[in-house]
Structure formats: C-alpha cells, structure tokens
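Enquirer: A single structure is presented below for examination.
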Amino acid sequence: MAMAKATTIRGALAKWEEKNGQKASEAKEVKLYGQIPPVEKMDESLSTLVNCEKLSLSTNCIERIDNLSNLKNLRILSLGRNNIKNLNGLEAVRETLEELWISYNFIEKLRGIHVMKKLKVLYMSNNLVKDWAEFVRLAELPLLEDLVFVGNPLQQKYSSDQNSWIEEATKRVPKLKKLDGVVLIKGEEDEEGAN
C-alpha cells in the first residue's frame, strides 16, 4: 500500500472552511493541528491568512517555518510536536508575534530569535538545546517573561536540582517572570536597581 500523501495547507484550509463555514482569509483563529495525513510544509497558501492572529499547526510533520510574511496580524503561533530544527522563517512575524509554542521539536540553536521584539511567551520544552551559549540569546528578547524550557538537555543537567536551574537560568535571562510554570518572585530591591 502506498503511503498517503501529505496534507497541503491548501487542503487543510479547505477542510477548515467547510467545517467552520467561514473563509480562512477572514478568520482571526485558524486551527490546522493534527492533520491526517500530516502537513509537511508551511506552503504559500498560508499567505491568504491575512487576518489570522492565532495559527495552530501543531502535531504535524513540519520541518521548516516558512511563508509567514503575509500574516501581519499574527500574535500566537503554535507549532508544537513537529520536526522543526531551527527558527529560520520566524523573522517574518517579528513585529507582531507575542507567543511561540514550539515544544517537542528538534531545535538545538536559537540563532535568529533576537529579532522577536514583541515575544512575551516562549514554550519550547522538549527540544535539543544543550548549551548556555544558546540559552543566553533569550536575554536579547526585551519582553520575554514566560519561558517553558523543561526537557531540553541543558535543563536536564539540573533535573535533580530545580533551584539551581532557576538560579542559573534567571541569572542569564533576568527579565523572566515565569520559568517552567514557576512564578519567580523578585525582591523589590532588584526592581529598583533595574530602573
């Protein structure tokens, strides 16, 4: 039996429109997660989603972030459980993206993340980041406050000592308010010193 061909974005959008009785190009939220067969490419059909604020493509087989440049209103991008290896392609939404959900992928390097000036929330548990040299790139995100990083090799080195992990991570990315679901309480004197 031949393997089923991948679902295209166009095909997934057609199914979505049928199910929701709405034009995808007019929608603020579009959910294309868990397609059967899975989506493998973020193809140019995404460019029709000009009003989309929240796009979900999680649980597919996507390898590259691509074709986001027309999504001028995108605030939340959900790409968890795919085969993504780097963050190239994200710069297309650097002016608007506030939340990136990209857990359970194969990301080892965070090169290029520094352009995401509006990013507040980054869920990237269970990826392959293993060096502090990559982690410190997160300090270049001016608004980042909520990070989930558990399950990366870097964090797993500290798995028996959660406090050390929090201490080491927040030393490098001091603006965080929440790490791996833990709310970080900072002393007031730290806040004063920051101004």
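Enquirer: Can you give me the Rg/Rh ratio for region 39-78, using Cα atoms for both radii and the Kirkwood formula for Rh? The partial results should precede the final answer.
Expert: Working: Rg = 9.6 Å, Rh = 10.3 Å.
Radius of gyration over Kirkwood radius for region 39-78 works out to 0.93.
Enquirer: Please give the solvent-accessible surface of residue 122 in Å², to the nearest 10, using a probe radius of 1.4 Å with every protein chain present.
Expert: The accessible area of residue 122 comes to roughly 0 Å².
Enquirer: While we're here: List the extent of the Cα atoms of region 1-104 along each of their three principal axes, largest first, rounded to whole Å.
Expert: Each principal axis gives a Cα extent; for region 1-104 these are 46, 34, 20 Å.
Enquirer: How about region 1-97: which GluC sites (Glu not before Pro) there lie in a loop by DSSP and see at most 12 other Cβ atoms within 10 Å?
Expert: The qualifying sites are 95.
Enquirer: Now for a different question. With all distinct Cα pairs included, what does the Kirkwood hydrodynamic radius of region 117-185 come out to in Å, to one decimal, could you say?
Expert: Value: 11.9 Å, from the Cα pair sum.
Enquirer: I'd like the orientation of helix 9-20 relative to the chain: the angle between its Cα long axis and the longest Cα principal axis, in ° from 0 to 90, rounded to 10.
Expert: Long axis of 9-20 versus the principal axis of the chain: about 80 degrees.
Enquirer: With every protein chain left in place, what is the accessible area of residue 23 in Å² (1.4 Å probe, nearest 10)?
Expert: 120
Enquirer: Do the alpha carbons of any pairs in 41/157; 23/118; 117/175; 41/109; 109/157 sit beyond 25 Å of each other, and which pairs?
Expert: Values: 41/157 34 Å; 23/118 28 Å; 117/175 14 Å; 41/109 21 Å; 109/157 17 Å.
Correct reply: 41/157; 23/118.
Enquirer: Given points 7 Å out from each Cα along the Cα-Cβ axis, report the residue 53 to residue 73 separation in nanometres with one decimal.
Expert: Simple spin-label model gives 0.8 nm for this pair.
Enquirer: Projected area of the chain, taken from the Cα convex hull and averaged over every viewing direction, in nm²?
Expert: Average of the hull's projected areas for the chain equals 12.6 nm².
Enquirer: With only alpha-carbon pairs counted, each pair once and no self-pairs, how large is the Kirkwood hydrodynamic radius of region 50-134 in angstroms?
Expert: The answer is 12.8 Å.
Enquirer: Leaving ligands, DNA and RNA out of it, report the carbon-plus-sulfur percent of the accessible area of region 1-70 at a 1.4 Å probe.
Expert: Within region 1-70, the accessible surface is 49 percent carbon and sulfur.
Enquirer: Once the whole set of protein chains is in place, how much accessible area is left on residue 33, using a 1.4 Å probe, in Å² to the nearest 10?
Expert: Taking all protein chains as shown, residue 33 has close to 120 Å².
Enquirer: Rounded to the nearest 20 Debye, what is the dipole magnitude of region 46-193 about its Cα centre when Lys and Arg each give +1 and Asp and Glu each give -1 at the C-beta?
Expert: Using Cβ point charges on Lys, Arg, Asp and Glu, region 46-193 gives about 580 debye.
Enquirer: Please give the charge dipole size of region 1-92, origin at the Cα centre, charges +1 on K and R Cβ atoms and -1 on D and E Cβ atoms. Round to the nearest 20 debye.
Expert: On the way: 14 positive and 11 negative charges, 38 e Å.
Approximately 180 debye in magnitude.
Enquirer: Let me ask another. Would you mind getting the accessible area per residue of region 52-195, heavy atoms of the protein chains only, 1.4 Å probe, in Å²?
Expert: 50
Enquirer: So, with a 1.4 angstrom probe, what is the percent of accessible area on region 139-186 that is carbon and sulfur?
Expert: Using a 1.4 Å probe with all protein chains present, region 139-186 comes out at 52 percent carbon and sulfur.
Enquirer: On to the next question. What's the local net charge at residue 172, with K and R +1, D and E -1, over the other residues with C-beta under 12 Å away? Write down the numbers at each step before the final one.
Expert: Details: positive: 137, 171, 175; negative: 131, 134, 140, 167, 168.
Once all neighbours under 12 Å are counted, the net charge is -2.
Enquirer: From the helices alone, meaning DSSP H stretches of at least four residues, give me the mean residue ellipticity at 222 nm for the chain, per-run term -39500 (n - 2.57), in deg cm²/dmol to the nearest 500.
Expert: -5000 deg cm²/dmol
Enquirer: Quick one: length gained pulling residue 139 to residue 61 fully straight, 0.36 nm per residue minus the C-alpha distance?
Expert: Gain on stretching residue 139 to residue 61: 25.1 nm.
The values are calculated or read from the model by the stated rules, or taken from the named source; none is laboratory data. Quantities reported herein were computed from a predicted structural model and do not represent experimental measurements. With ideal geometry, Cβ positions are generated from the backbone for all residues, glycine too; neighbour counts draw on all protein chains shown. Accessible surface areas use protein heavy atoms only, side chains included; no ligands, DNA or RNA. Shrake-Rupley method; radii C 1.70, N 1.55, O 1.52, S 1.80 Å.
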